[in-house]
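The values are calculated or read from the model by the stated rules, or taken from the named source; none is laboratory data. Here the structure is a predicted model, which means the values were calculated and not measured. Here the Cβ positions follow ideal geometry from the backbone for every residue, glycine too, while neighbour counts run over all protein chains shown.
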Amino acid sequence: MRKPAVAGQFYSSDEIKLTNQITSCFKHNLGGGMPKIPLHKGRIFGAIAPHAGYEYSGACASHAYREIAGDFPETFVILGTNHSGRGNALFSLSLEDFETPLGIVKNDVEFGNALVEAGSVLGLQQDEAAHKSEHSVEVQLPFLQFIAKMIKKDFSIVPIVVSTIDFESCAKAAEIIAKVSQEQNRKICVIASGDFTHYGANYGFAPFKENVKNNLYALDKKSINHILKLDSLAFYDEATKTTICGTGPVVVCMEACKHLGAKKAMLLKYCTSGDISGDYSNAVGYASIIIE
């Protein structure tokens, strides 16, 4: 059992308070509004959602989960970023169930084992160490649990921490994920957990000093536009010039979704931590995007 590592930090550690916190993310003036079922008529192959503390990125994340509520599959492949540097695999897959204050999230062990068998040579391996303190996968789970309870559906997860930004490796991992899901006749949604540009002295990245909000919006728009065109290589080229956190997961997500049949992507919401705090001297961009 993988115990929560950032409950009480990135989100509330109390079940009732966490439920109320997620509700407030949906109802926030920057949020997506509460899900209304049925909501989404199309097939959602994947999504990109932020992974900061709910106080800052939860409202943005709610947009993606509002849409996912309308097309909720049995398995979510959740791609996180390796912030801690732990683990030895390029793609560290966990086969453990994950616990949050809202309960236990079951691991799709059958799917995970099949991925390890197909992708071990690539570096897609079981590696629990990378997940021990990693928040990027964990913060997506309470949103999924909240939605699942609302629509009365069960789900399981395949958590993968991506420790490489090598484009070819990410593209190959995506191909394996799509192939295994098709072989197992498993309907999946691939979630890339990632934040966009980290601006300011705290992040060692300040290419502009004035009109920060508009310039930050414009900078992230370049990368987002490539995602909306499902051009993963162009996104990769743009993202690696900035401080986007989640380049690898986003590339894997985009490529996997294309293999599964995705034809388009839609930006649901973009905002920054500065829009919440009012402080743009150090600010992070967030986006909710679905891939259909």
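Structure notes:
- Complete set of residues in the range 259-274 that are under 11 Å from Leu230 (Cα atoms) and buried (at least 20 other Cβ atoms within 10 Å of the Cβ): Ala262, Ala265
- Between Gly58, Gly85, Gly103, Gly53, the distinction of being buried (at least 18 other Cβ atoms within 10 Å of the Cβ) and not aliphatic (A, V, I, L, M) belongs to Gly58 only.
- Residue match in the range 221-232 (condition: farther than 30 Å from Thr75 by Cβ, free of Cβ contacts under 8 Å to residues at least 12 places away in the same chain and touching a strand residue (DSSP E or B) at 6+ places or on another chain (Cβ under 8 Å)): no
- Restricted to the range 5-23, and to residues there that are part of a loop (DSSP other than H, G, I, E, B) and surrounded by fewer than 20 Cβ atoms within 10 Å (Cβ to Cβ), the residue that is farthest from the chain's Cα centre (by Cα) is Asp14.
- Top-ranked residue in the range 82-93 [being assigned to a loop (DSSP other than H, G, I, E, B) and under 16 Å from the mean Cα position of the chain (by Cα); ranked as modelled with the highest pLDDT]: Asn82
- The residues of the range 226-235 that are in a helix (DSSP H, G or I), within 18 Å of the chain's Cα centre (by Cα) and surrounded by fewer than 22 Cβ atoms within 10 Å (Cβ to Cβ), listed by number, are His226, Leu228.
- Candidates Phe111, Phe76, Phe26, Phe72 - the one that is surrounded by 18 or more Cβ atoms within 10 Å (Cβ to Cβ), in a strand (DSSP E or B) and in contact (Cβ under 8 Å) with a residue 40 or more places away in the chain: Phe76
- Positions within the range 35-68 being assigned to a loop (DSSP other than H, G, I, E, B), modelled with pLDDT of 95 or more and either in contact with a Lys or Arg (Cβ under 6 Å, 6 or more places away or on another chain) or more than 18 Å from Ala256 (Cβ to Cβ) (or both), in sequence order: Pro50, His51, Ala52, Gly53
- Yes/no for Ala218 being surrounded by fewer than 17 Cβ atoms within 10 Å (Cβ to Cβ) and among the aliphatic types (A, V, I, L, M): yes
- Selection from the range 40-89 of residues that are β-branched (Val, Ile, Thr) and under 19 Å from Ile227 (Cβ atoms): Ile44, Ile48, Ile68, Val77, Ile78, Thr81
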